[in-house]
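The structure under discussion appears below in the form of structure tokens.
The values are calculated or read from the model by the stated rules, or taken from the named source; none is laboratory data. Model, not experiment: these values are computed from the prediction. Glycine also receives a Cβ, built like all others from the backbone with ideal geometry; neighbour counts cover every protein chain displayed.
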Amino acid sequence: MTPVNPREQLIGLGAEKLADALLDLSTRSDQARKLVERLLSSPEDSLRYFKAKLAGLKRRERFVGKGEARSYAQELADFLADIQAAIEDPKTGLELVVALFEIDSKILESCDDSYGFMGEIFRFDATELFTHYARDIANKSYLSDLVFKLYQEDEYGVREKLVDQASQFLPEETLRSLAQRFWENAENIDKTTTDGQYTARHSLFAVESLARQLQDAPLFEKAALAIWPDLSPATCLNIAEVYLEAQDPGKALHWVKQIPQKTILEEYRRDKLLLDVYRKINDQEKLAEVAWKMFRQHKDIDTLEELLSIIGEHQREKVIAEASQEILVIPSFSYSDLSFLLDTNQIDLAQKYLLENVTALNGDLYNLMLPLAQRFEKENRLLAATVIYRELLESILSRAQSKYYHHGVRYLKKLEELAPQVSDWQGFPPHELYYQKIAETHARKKSFWLKYEKGE
């Protein structure tokens, strides 16, 4: 049977029928109405509309509060989408996007952008549309000048991605010229003032971005050292990453080794990088050494799979068994160790580990605790699930924050649901006794018990 093609079916209806349907829809939908207006507008009409809209944004005086910021941001997003739909000429489209960037300070200062909605529109939507038009602009020197100017005049950090995207619309030669221009700008700035130091760094960050896009690791290194001469672990790792991206694992390893072992703050990131380096240079011994180190330190499913990809899948059962036994004898409790036992299907061991460390549980850690409770419930380890739900409930009741009471009610109802299915309480108080205890302890929390009785 030939699949139905909706487009062909609609074409088959005829222009008159489609026009009537669209006009009818436009009377009931603002979106449809705008679509009709756009379809009927000439390019000149559309351009006049967009310029008038920009002028209106520039003149706008009313302050937009935090609660309205999302809808204001959506208004801008729709405006950019309308430009893309209506303006085909790349130079005209680019000029409109640039005009929007040129009033970004005015727009951002006229609203409470605490949630970052407006900033994201400039960083992503506007940058994306700029890139869309810039790809089809033949004059690359003009584009380079434009990016340089916009970046240098960026007051709120919403134009940085224009540089990050530059390789999508500028050829290598122009990218190198632009990088050199930013470098010279940084060199010629008076750095005796705080403002001067900031401006110079701003230009050097652009050099870093362009160097990374060019995969020019020496240039990235030069810029990074100019910005961070103190050689922090993060700086060394950034330089190493770029050398690795540039297919120079030897230099990458050199920079990783500049990091003092005892002072590194980003050990996991360093070790991940070392894995890539040793894989590139085919040093199997070092590769296994780092993989074992990462697994012993973190014991999660990712480090396990990384290790097994190096030492062989046939070692899986042995590695899991040894790691699981190690977890059980360590005196301190770890949520990540508990997750490891669950993720490797050591369900009974996971329950044993949990029940032996109940006093270490913290019900305030909702994001950790609730998924664990749900996992134990799914695996039919209902005593373990019960213990966690109790901790979550007691955390809410102890904090006495009424806005969370509905969660507490939900946990208590869940405990009532699970209780008849628990055959062995293993020394933990059965639900009736537990309920009696919390009812006495938290008797004064009238609003909680009222919600509980109402089932809210």
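Any idea how many residues of the range 358-380 are surrounded by fewer than 16 Cβ atoms within 10 Å (Cβ to Cβ) and not in a helix (DSSP H, G or I)? Final tally of qualifying residues: 4. Which residues, taken from the range 59-84, are at pLDDT below 90 and surrounded by 13 or more Cβ atoms within 10 Å (Cβ to Cβ)? Across the range 59-84, the qualifying residue is only Arg60. Among the candidates Leu265, Leu253, Leu204, Leu219, the residue that is touching a residue at least 12 places away in the same chain (Cβ under 8 Å), under 26 Å from the mean Cα position of the chain (by Cα) and outside any loop (DSSP other than H, G, I, E, B) is uniquely Leu204. Return the residues of the range 111-129 that are among the aliphatic types (A, V, I, L, M) and within 19 Å of Arg62 (Cα to Cα); say none if nothing qualifies. Once the filter is applied, which keeps residues that are among the aliphatic types (A, V, I, L, M) and within 19 Å of Arg62 (Cα to Cα), the range 111-129 yields only Met118. Looking at Ser402, Ser309, just one residue is surrounded by 13 or more Cβ atoms within 10 Å (Cβ to Cβ) and within 29 Å of the chain's Cα centre (by Cα), and that residue is Ser309. When each of Ile137, Ile121 is tested for being of a type in the set (Val, Ile, Thr) and touching a Pro at 6+ places or on another chain (Cβ under 7 Å), the lone residue that passes is Ile137.
Within the range 312-349, if we keep just the residues that are surrounded by fewer than 18 Cβ atoms within 10 Å (Cβ to Cβ), outside any helix (DSSP H, G or I) and of a type in the set (Ser, Thr, Tyr), the residue that is nearest to the chain's Cα centre (by Cα) turns out to be Ser334. Going by what's in this entry, would Tyr452 be described as among the hydroxyl-bearing types (Ser, Thr, Tyr), assigned to a helix (DSSP H, G or I) and more than 22 Å from Ser339 (Cα to Cα)? Considered against the rule, which asks whether it is among the hydroxyl-bearing types (Ser, Thr, Tyr), assigned to a helix (DSSP H, G or I) and more than 22 Å from Ser339 (Cα to Cα), Tyr452 comes out as yes.
Entry remark, the range 150-171: residues being closer than 14 Å to Phe101 by Cβ and surrounded by 14 or more Cβ atoms within 10 Å (Cβ to Cβ) number 12 in total. For first residues located in the range 137-157 and more than 19 Å from Glu173 (Cα to Cα), partners that are hydroxyl-bearing (Ser, Thr, Tyr) and surrounded by fewer than 18 Cβ atoms within 10 Å (Cβ to Cβ) and lie 6+ apart or on another chain with Cβ distances below 7 Å form the pairs Glu155/Ser105; Tyr156/Ser105. A residue that is outside any helix (DSSP H, G or I), without any contact (Cβ under 8 Å) to a residue 60 or more places away in the chain and touching a Phe, Trp or Tyr at 6+ places or on another chain (Cβ under 9 Å) cannot be found anywhere in the range 71-86.
Of the residues making up the range 115-128, just one is aliphatic (A, V, I, L, M) and either closer than 15 Å to Leu150 by Cα or surrounded by fewer than 20 Cβ atoms within 10 Å (Cβ to Cβ) (or both), namely Ala126. Here Phe130 meets the list (1) more than 12 Å from Val98 (Cβ to Cβ); (2) in a helix (DSSP H, G or I) almost entirely, failing just condition (1). Screening the range 381-440 for residues that are aliphatic (A, V, I, L, M) and not in a helix (DSSP H, G or I) and picking the one that is farthest from Tyr366 (Cα to Cα) gives Val422. Among all residue pairs at least 6 apart or on different chains, which show Cβ distances below 8 Å where the first residue, located in the range 279-305, is touching a residue at least 40 places away in the same chain (Cβ under 8 Å) and closer than 22 Å to Ala321 by Cβ and the second is in a loop (DSSP other than H, G, I, E, B) and polar (S, T, N, Q)? Hits for this filter: Ile301/Thr344; Leu304/Thr344. For the range 225-242, a residue qualifies if it is outside any helix (DSSP H, G or I), over 26 Å from the mean Cα position of the chain (by Cα) and more than 14 Å from Lys257 (Cβ to Cβ), and the qualifying residues are Pro229, Asp230.
Does Phe295 fit the bill of being farther than 30 Å from Phe428 by Cα, under 26 Å from the mean Cα position of the chain (by Cα) and not aliphatic (A, V, I, L, M)?
Here the answer is yes, as Phe295 does meet what is asked.
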